[in-house]
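Read-outs: derived from the displayed coordinates by stated rules, not from any lab. This is a predicted model, so every value here is computed, not measured. Methodologically, a virtual Cβ is constructed for each residue, glycine included, from the backbone with ideal geometry; neighbour enumeration extends over all protein chains shown.
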Amino acid sequence: MSWDKEIEELRRREALALQMGGADKVARQHEFGKLTIRERIAAIMSRLRASSTYAADLEGVTDESRKPRAEFLERVLEVLDERDGGPEGWLQARGFDPARLRERLAA
């Protein structure tokens, strides 16, 4: 099974996300009491760095290095395809109904 269509969609969404930035968009997020994704990642990383469990492992790790990247998502899709016949196979093997999930995501 080829993931070209899905990978192209990921790239399209990444480009769209890059266009959605700017001070006015950040201000709008803050008006709704929400943090931007960068702010959320920074807050999570800060909490993890403050914990004795993760501090040593995160020494020198930047917040930027933790953001999702298209190539990682591509590899996840490849592994799902190899091991489970794709995302739907993975979901079914774990007791999820892909059709119900698709309905909820599309709503």
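Using the Kirkwood formula on the Cα atoms of the chain, what hydrodynamic radius do you get, in angstrom to one decimal? One over the average 1/r among Cα pairs gives 17.0 Å for the chain.
Taken about its Cα centre, the chain carries a charge dipole of about 520 debye when Lys and Arg each add +1 at the Cβ and Asp and Glu each add -1 at the Cβ. A simple packing score, the average count of other Cβ atoms within 10 Å per residue, orders the peptides 73-86, 4-17 as 73-86, 4-17, with the highest score first.
Counted residue by residue at 0.36 nm each, then reduced by the alpha carbon distance between them, the extension gain from Arg47 to Arg83 reaches 9.6 nm.
Counting only alpha carbon atoms, the long axis of helix 4-19 and the longest principal axis of the chain meet at about 20°. Within the chain, the longest segment free of exposed loop sites, counting chymotrypsin sites (Phe, Trp or Tyr not before Pro) that fall outside DSSP classes H, G, I, E and B and have at most 14 other Cβ atoms within 10 Å, spans 55-95.
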